[in-house]
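Structure first, then comments.
The numbers here are math on the coordinates, done by the rules we state, and not lab data. None of the values given here were measured: they were computed from a predicted structure. Glycine gets a Cβ as well: all are built from the backbone with ideal geometry, and neighbour counts include every protein chain shown.
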Amino acid sequence: MFTRILAVASLEMRIGLRNRWLLLATLILAAFSLALALLGSAPAGTLGVDRMTITVASLASLSVYLVPLLSLLLAFDAISGEIDRGTALLIFSSPISRVEFLLGKAIGHFAVILIALLLGYGLTAGVLVAFGGGSLAGLVDFARLIATSAMLGLAFLAIGYIASSATRAPGTAAALAIGIWLFAVVLYDLALLGALVADNGGTFSRSVFPLALLANPADAFRLFNLAALGASDLVGGMAGVSDALPYPPSAALAAIAGVTLAAFAAAAALLKRIEP
Amino acid sequence: MTESVLSIKNLTKRFGRQTAVDGVSFHIEPGERAALIGHNGAGKTTLIKSILGFLTPEEGSISVLGNAPGSNAARRSVAYLPEAVAFQKALTGVEILTFFSRLKGEDPKTVPGLLEKVGLSEAGRRRVGTYSKGMRQRLGLAQALIGEPSLVLLDEPTSGLDPVSRQDFYMLVEEVAARGAAVLLSSHALSEVEAKTDRVLIMAHGKLVADDTLASLRRAARLPIRLRVQGADVAADEIAARLGGMRVNCRSVEIFCDADEKLAHLAAISALGSLVEDVEVTLPSLDDVYRHFTGVDAKKGS
C-alpha cells in the first residue's frame, strides 16, 4: 500500500521538478515576498515593531492569493489529465485503489508546494536576517506562516481534485479551477463585505458571518495568521475582526483541516465512480 | 485439463438502450494467442473494459483465473495495454516502467531487462516526448509485461504501426505466449493478425459471430476461389462459352468455384490450349472471410 502511494507521490514530484513547475512556483513566491519585505518595510522602520513580523503580516495576504492559485493549478490535471492521456486505464487496472492513488497525488503535490514555500519564503527570511532585520520571534512567525500556507495549499489541492474528477476533462477542469480561485479569494470576501454593510450589525453579522469566515479556507487562514501576529494593531482591517469573533483563532486552523478532509472525501467519492 | 485463464459466460453490457456486448461466451487457455476482431463499435473495447472490471455487466459472468474482474487478485494477474495511451512526455521510459513496477508490486530491477526485450535499452533514459509512435507502443507493451502476467490484454496494439514495427510487435507477443501467458488482442482487421494468433474471435454488433482457428474459419466460410482467365486474343466470348464463366471485359473471363473444384477447372482451362494466355487464381482474402462472418450476422440481426 505504502509503496504504491509513494510511487504515485514520487512520480508527481519528479514531474513537478522536470517541467519546471516547482522552479516557477518558487520564483513567484520569492519575487513577491522579497518585494513586499524590502519595499513594505521602509515605513515600518521607526515603529519599533520587528521587521520580520511586519513582513509576515504582508506575506499572509500574499499567501491568500498565491497559494490557492498554485494548488489549483497543480491539482486540476491530477485526474482529468490521466483520463485524457489514457494512463488512468493503466493505473486503475493495476493493483492500486482509487484512494491510494488520490493520496499519492496529494502527497506529491503537497511536497512540491511545501518546497516552493520553504525556498520562496525562506529566501525572504534569509535576506531579512542577513540585513539585520531578524529576530527569534520573527523567525517563529515565518515558520508559522509557511506551515499554515502549506495547510492552505493542501485544502485547495483537495478542492482542485474535486474539480478534476467532476469534469474528467483537463480543459474544463482548468476553467473550473480558475473559477474556484476567483470565487474563494475575491468574490467570497466581496460578498461577505456587502452583506455586512447591508445587514448593519444584525443577525448576519453576529451569527452567520463568523461561520462564513471559517467555511472558506482562504479567510480562515488570514484570520488565524493575523490574529496570531497580534497584527490588528499593525494592519487593522480584517484582523480587527478576530477580537470580536465567538471562537478562538485556533478554531480557524481546525476549520481548514475540516474543509480539507471533507474535500478529500468528496474527491475520493467522485473518483470511485469514474469509469476510466 | 488446466484451468482457463479467462472465462466469460453469456456476458451482456448495455449503455442505455444500446447493447454493446450481447451474450458473449468464450474461454482462453494458458499460452493461447487469441485475436478479437471487429470493426469500430463492435464491442471489443467494452468487452476488454468489462474483463478489467471497469464496467459492470448487466448479465453474465467473467472470471479471471477464478477471480472476479477488478478484484486485487485479478488485477495482479492481468496486464493491459490500452488503445491510445500517452505517457507523460516529460518522463523517461525507465521512470515510467519503474512507476508501474511499483504499482504492481514488482521489483523495479527488472526494468532494464524489459526495456532490452522491447528494444528500447538505449532510448530508456530519453524523454518519452522524443519517442516515435512505434517506440511508444513498445514501451506500452513493456509495461504490460511487468511481473509476468497470466493474461495480457492488448487493445488494438498495432493500429498505426508500420509493417516492420508490427512484425516486431507480434514477435514479442509470441514470446509472451510461449512463456505460458494467455494473450487476447483486439484488432479491426483480420489481415493484421494473420498467422500471428492461434484463434480468432469475431465480434459484430456486440455478438460473438465466430470463434475458431483461422484455417477452420476459412473452410467454414466456404468462400469461392476466383479464377481469372485471360484470352490470348479477343476471344472472351468463346472462352466464356466453353468454360461457363462470366465475361468481365473483351479478353477476360472470371470463374468462381469451391476449393475442391479448383483442379478440374484448371484442367479445363489448360485444355483450351493457345486460346488462353494467362490464368490468375485468387484465394478468398482474410477480409472476405471477415466480411462473410460479420455479414451473416447482419442478416440474422435485422
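Based on the Cα coordinates of the protein assembly as shown, what is the per residue volume of their convex hull in Å³?
Dividing the Cα hull volume of the protein assembly as shown by its residue count gives 221 Å³.
Residue by residue through segment A:104-111, what is 3J(HN,Hα) from phi via Karplus (6.51 cos²θ - 1.76 cosθ + 1.60, θ = phi - 60°)? Round to whole Hz and write x for glycine and proline.
x, 4, 5, 5, x, 5, 4, 4
Give the Debye-formula value of log10 I(q)/I(0) at each listed q (0.17, 0.23 Å⁻¹), with one equal scatterer per alpha carbon of segment B:224-283, two decimals each.
Cα-only, vacuum Debye calculation for segment B:224-283: -0.45, -0.83.
Taking the Cβ of residue B:181 as the centre, find all other residues whose Cβ is under 12 Å away and add up their charges (Lys, Arg: +1; Asp, Glu: -1).
Working: positive: B:33, B:179; negative: B:29, B:32, B:148, B:174, B:175.
Surrounding charge for residue B:181 is -3.
At q = 0.09, 0.14, 0.20 Å⁻¹, what is the base-10 log of I(q)/I(0) for segment A:1-153 according to the Debye formula with one equal point scatterer per Cα and no solvent? Please give it to two decimals.
Evaluating at q = 0.09, 0.14, 0.20 Å⁻¹ gives log10 I(q)/I(0) of -0.36, -0.70, -1.13.
With the Cα gyration tensor of chain A in hand, give its eigenvalues times 5 under a square root as the equivalent ellipsoid semi-axes, listed largest first in whole angstrom.
Working: eigenvalues 232, 114, 42 Å².
Taking √(5λ) for each Cα gyration eigenvalue gives 34, 24, 14 Å.
Check residue B:247: other-chain or 5+ apart residues with amide H under 5 Å from its amide H, H built from backbone geometry?
B:254
Pop the C-beta distance of residue B:219 and residue B:71 into the FRET formula with R0 = 51 Å and round what comes out to the nearest 0.05.
Working: r = 40 Å, r/R0 = 0.78.
The pair residue B:219/residue B:71 has a calculated efficiency of 0.80.
Quick one: net charge around residue B:52, please, counting Lys, Arg +1 and Asp, Glu -1 for every other residue with C-beta under 11 Å from its C-beta. Display every interim value, and only then the final one.
Details: positive: B:49, B:75; negative: A:275, B:155.
With Lys, Arg at +1 and Asp, Glu at -1, the net is 0.
Tell me, what HN-Hα J-couplings in whole Hz come from the Karplus equation 6.51 cos²θ - 1.76 cosθ + 1.60 at θ = phi - 60° for each residue of segment A:207-215, using x for Gly and Pro?
Values, residue by residue: 10, 7, 4, x, 6, 4, 5, 6, 5 Hz.
Need one word for segment A:117-276: rounded, prolate or oblate. Basis is the Cα gyration tensor (sqrt eigenvalues a ≥ b ≥ c); a/c below 1.5 gives rounded, then a/b vs b/c decides. Each step should come with its number before you reach the end.
Numbers: a/c = 2.18, a/b = 1.23, b/c = 1.78.
Oblate, because a/c is 1.5 or more while a/b does not exceed b/c.
Using the structure shown, select from B:49/B:196; B:49/B:104; B:9/B:133; A:272/B:9 the pairs with a Cα to Cα distance greater than 30 angstrom. Could the numbers behind the result be given before it?
Working: B:49/B:196 23 Å; B:49/B:104 19 Å; B:9/B:133 36 Å; A:272/B:9 26 Å.
Over 30 Å apart, Cα to Cα: B:9/B:133.
How much mean residue ellipticity at 222 nm does the protein assembly as shown get from its helices, if each DSSP H run of length 4 or more adds -39500 (n - 2.57) and you divide by all residues, to the nearest 500 deg cm²/dmol?
Details: 24 runs with 320 residues, N = 578.
Helix contribution divided over all residues of the protein assembly as shown: -17500 deg cm²/dmol.
Excluding same-chain residues fewer than 8 positions from residue A:105, which aspartates and glutamates have a Cα within less than 13 Å of its Cα?
Correct list for residue A:105: A:12, A:77, A:82.
What is the average number of partner chain Cβ atoms found within 10 Å of a Cβ in B:91-103? Mind dumping the intermediate values first?
Working: counts 5, 2, 0, 0, 5, 3, 0, 3, 9, 6, 3, 10, 15.
Per residue, the average neighbour count from other chains is 5.
Please list the radius of gyration and Dmax for segment B:6-219, considering alpha-carbon atoms only, with Å as the unit.
Using the Cα atoms of segment B:6-219, the pair Rg, Dmax is 16.9, 51 Å.
Is there a simple number for the mean count of other chain Cβ atoms within 10 Å of the Cβ of residues in A:90-101, and what is it? Could the numbers behind the result be given before it?
On the way: counts 13, 3, 7, 18, 15, 11, 6, 1, 0, 0, 1, 1.
Averaged over the peptide's residues, the number is 6.
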